[in-house]
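Peer 1: Sharing a structure with you now.
The values are calculated or read from the model by the stated rules, or taken from the named source; none is laboratory data. These numbers were taken from a predicted model, which means no experiment stands behind them. So basically every Cβ, Gly included, is an ideal-geometry build from the backbone, and we count neighbours across all protein chains shown.
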Amino acid sequence: MRSKRFPRDRHECDAEAMDERRLVDAARLAVAEGSRQERYEALGALSDLLRGAAFTQDSAERVAAFLVEVALTSRYEDDREEALHALGDAGYAWPYQLVKPLADAVPPMGGAESDHVQAILENAEHEDAGGSAGS
């Protein structure tokens, strides 16, 4: 079914970039039911679009919320790392509150995941000037 497939071609993704909800829905389906390759392609396409700043800030934050969810809940290490990579390489500054759940998960994470989370948190925009986010 076409609606179940995530766009394989980056040009196809670019044409759909304005509808992040549709892209996230397709990626959510790929992550839930797809093969390793389909999951990788779906998360990679979102990463490419975020890196290219193809979304408005609000749309990008909705995509980022999905990626945070993947990073925290996926049973596949590759998916978690791809989601964190996408968040870290994005052409957007994330509000700290959006990525804060990653900070809470750092102790159980290790290695590369922990490094990605640290970089994401360092680049997050803090609404509070109090600096309470760092430990």
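Peer 1: Residues to consider are Glu38, Glu12; find the one that is assigned to a helix (DSSP H, G or I) and at pLDDT below 85.
Peer 2: Numbers: Glu38 fails: at pLDDT below 85.
Just one listed residue meets the conditions, Glu12.
Peer 1: Being among the small types (Gly, Ala, Ser) and modelled with pLDDT of 50 or more is the filter here, so list the residues in the stretch 15-35 that pass it. If you could, list the steps in order and put the result at the bottom.
Peer 2: Keep residues of the stretch 15-35 that are among the small types (Gly, Ala, Ser), which gives 15, 17, 26-27, 30, 32, 34-35.
Within the stretch 15-35, Ala26, Ala27, Ala30, Ala32, Gly34, Ser35 meet the criteria.
Peer 1: Only one of these conditions is not met by Ala71: (1) in contact with a Leu (Cβ under 6 Å, 6 or more places away or on another chain); (2) among the hydrophobic types (A, V, I, L, M, F, W, C); (3) at pLDDT 95 or above. Which number is it?
Peer 2: Going through (1) in contact with a Leu (Cβ under 6 Å, 6 or more places away or on another chain); (2) among the hydrophobic types (A, V, I, L, M, F, W, C); (3) at pLDDT 95 or above one by one, Ala71 breaks only (3).
Peer 1: So is Leu72 assigned to a helix (DSSP H, G or I) and surrounded by 22 or more Cβ atoms within 10 Å (Cβ to Cβ) or not?
Peer 2: Working: assigned to a helix (DSSP H, G or I): yes; surrounded by 22 or more Cβ atoms within 10 Å (Cβ to Cβ): no.
Answer is no for this residue.
Peer 1: Ok, one more. Name the residue that is farthest from Tyr76 (Cα to Cα), counting only residues in the stretch 96-118 that are at pLDDT 75 or above and among the hydrophobic types (A, V, I, L, M, F, W, C).
Peer 2: So, considering only residues that are at pLDDT 75 or above and among the hydrophobic types (A, V, I, L, M, F, W, C), the one farthest from Tyr76 (Cα to Cα) is Leu98.
Peer 1: Test of understanding: among Ala65, Ala93, which residue is closer than 23 Å to His126 by Cα, of a type outside the set (Lys, Arg), surrounded by fewer than 16 Cβ atoms within 10 Å (Cβ to Cβ) and at pLDDT 95 or above?
Peer 2: Details: Ala93 fails: at pLDDT 95 or above.
When all the criteria are applied, what remains is Ala65.
Peer 1: Here's a follow-up. Considering each residue of the stretch 45-60, count those that are closer than 25 Å to Asp104 by Cα and buried (at least 16 other Cβ atoms within 10 Å of the Cβ), and give that number.
Peer 2: 5
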